[in-house]
Amino acid sequence: MKYLRVLAVLAFLVIVQTTLLPRLFPWLPLAPAFLYLVVLSFRLPRNFLLTAGLWSGLVQDILVGEVFGLTMFTNYIAMAVVWEFKDDLLDNAVVTCGVRVVIATLVQEFLTAFVYYIYSAGSGHISNTLQISAGLNLLSNLLLYALFMLWLRLRGSEKVSAFLEARS
């Protein structure tokens, strides 16, 4: 019951991500649910973070009509890798979260490109597609992260550190 609100927010963000944002910004693949998962990696225990990654991937796979569960798979692996990136490696929580966004985005893009490469039986050139797709997704996720940090900063400077430093 404690984490039900988090799952509801994730489901709402996935719905917005798959329905509204492609209409408003068709050239930019914004992923607020994925960014929210990365930010939650500071606050949630590992088992629930992985469950939340699976949940958001399941909702997105159902909405998009993906039968292979690719988003569930990539979200789960990306959150497992992000969780292993230590909080105390860098002194600044904002920079640590930004590095986690980069790591999670690249892991997700590499896994997606690899699965599509295997699915096409190795007939295509993976490097060109991966460079464009990963660069665009990384740029959009970092832009969304910068806007989120700016929004937290406008609410108050203590809100940023309090939001990122809290652990359940």
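The slack in the chain from residue 138 to residue 103, taken as 0.36 nm per residue of separation less the alpha-carbon distance, amounts to 11.7 nm.
A simple packing score, the average count of other Cβ atoms within 10 Å per residue, orders the peptides 10-22, 96-108 as 96-108, 10-22, with the highest score first. Taking 0.36 nm per residue of separation and subtracting the current Cα-Cα distance, fully stretching the chain between residue 151 and residue 92 would add 19.4 nm.
Multiplying the residue separation of residue 68 and residue 81 by 0.36 nm and subtracting their alpha-carbon distance yields 2.5 nm.
Starting from the Cα of residue 20, step 7 Å along the direction of its Cβ; do the same at residue 47; then give the gap between the two resulting points in nm. The two pseudo-label positions are separated by 3.4 nm.
Here, each number is a calculation from the coordinates, and none is a lab measurement. For clarity, every value in this text was computed on a predicted model and none was experimentally measured. We place every Cβ from the backbone using ideal geometry, glycine too, and count neighbours over all the protein chains shown.
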